Amino acid sequence: MLRSLAAALLVLTSLLPGTALAEDAAPVFRLTSPDLMPGAPIRAAQVFNAFGCAGSNISPALSWSNPPAGAKSFALMVHDPDAPTGSGWWHWVVYNIPANVAGLPARAGDPAAGLMPVGVVQGNTDFGTAGYGGPCPPPGDKPHRYYFRLHALKVDKLDLPPTATAAFVGFNVNANSLGVAELMAVYGRPATTGE
């Protein structure tokens with residue numbers, strides 16, 4: 001009994017910070033942004049500018065660290081699962097981000113800005129165009145969740161047609177993903193009042 005209690009204490013103490021097992025744990029793959037706080041409302045700068053929304057539609061700056069070993073490229077998929085479509089809404093689809101890149105500047109989601117690294121592809125969103133499209137949920141809906149998911153991929157690039165849908169890109173991303181770093185923020189609009 002004492003021997004098994006001592007063994008259990010040894011296992012517990014080995015998991016405390018500063019001990020060998022805790023120090024051997026792999027660092028966590030993280031996605032962060034100065035423009036998005038996890039779980040917090042998305043600011044007007046990142047909100048769409050159409051369909052009754054009056055934001056600036058600026059894609060947020062993003063940075064990441066500690067990708068899994070063997071990552072050869074990255075893909076960013078931004079999705080609203082709460083959109084009333086039956087399949088959610090794809091707001092930003094980016095792939096073939098080189099493995100040596102560790103972030104994207106604000107406004108990189110605007111294809112005309114030319115801020116993406118060479119070779120990066122911005123795929124079609126559910127707005128029907130390539131590039132970032134910010135939140136714009138229906139008025140009166142509960143706040144929608146916007147998941148920014150960065151996938152570390154085991155391939156150098158995804159060879160996809162320029163007409164690929166977000167779902168098709170997502171299929172290929174998930175098939176080649178070594179790990180995912182995620183950041184979720186929310187956005188809602190008040191209900192409109194009658195005339």
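Here, each number is a calculation from the coordinates, and none is a lab measurement. If you're wondering where the values come from, they're calculated on a predicted model, not measured in any experiment. Every residue, glycine as well, gets a Cβ built from its backbone with ideal geometry; the counts of neighbours run over all protein chains shown.
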Regarding the range 93-102, can at least one residue be identified that is outside any strand (DSSP E or B) and buried (at least 18 other Cβ atoms within 10 Å of the Cβ)? no
Cβ-Cβ under 6 Å, sequence separation 6+ or interchain: first residue in the range 26-46 and closer than 16 Å to residue 67 by Cβ, partner aliphatic (A, V, I, L, M). Which pairs? 29/181; 30/181; 31/150; 31/181; 31/183
Quick one: is residue 74 touching a residue at least 60 places away in the same chain (Cβ under 8 Å), among the aromatic types (Phe, Trp, Tyr) and out of contact with any Asp or Glu (no Cβ under 8 Å at 6 or more places or on another chain)? yes
Exception for residue 117 within (1) within 22 Å of residue 177 (Cβ to Cβ); (2) of a type outside the set (S, T, N, Q); (3) under 17 Å from the mean Cα position of the chain (by Cα) falls at (3)
Kindly list, by first and then second residue, each pair from a residue in the range 118-139 that is more than 18 Å from residue 52 (Cα to Cα) and in contact (Cβ under 8 Å) with a residue 40 or more places away in the chain to a residue that is of a type in the set (Phe, Trp, Tyr) and part of a loop (DSSP other than H, G, I, E, B), limited to pairs with Cβ atoms under 6 Å and residues at least 6 apart or on different chains. none
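Tell me which residues, restricted to the range 113-133, are surrounded by fewer than 17 Cβ atoms within 10 Å (Cβ to Cβ) and assigned to a loop (DSSP other than H, G, I, E, B).
Pass one, the range 113-133, residues surrounded by fewer than 17 Cβ atoms within 10 Å (Cβ to Cβ): 113-115, 117-119, 128-129.
Once the filter is applied, which keeps residues that are surrounded by fewer than 17 Cβ atoms within 10 Å (Cβ to Cβ) and assigned to a loop (DSSP other than H, G, I, E, B), the range 113-133 yields 114, 115, 117, 118, 119, 128, 129.
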Could you tell me which residue of the range 103-112 is nearest to residue 152 (Cα to Cα), considering only residues that are surrounded by fewer than 20 Cβ atoms within 10 Å (Cβ to Cβ) and of a type in the set (Gly, Ala, Ser)? 103
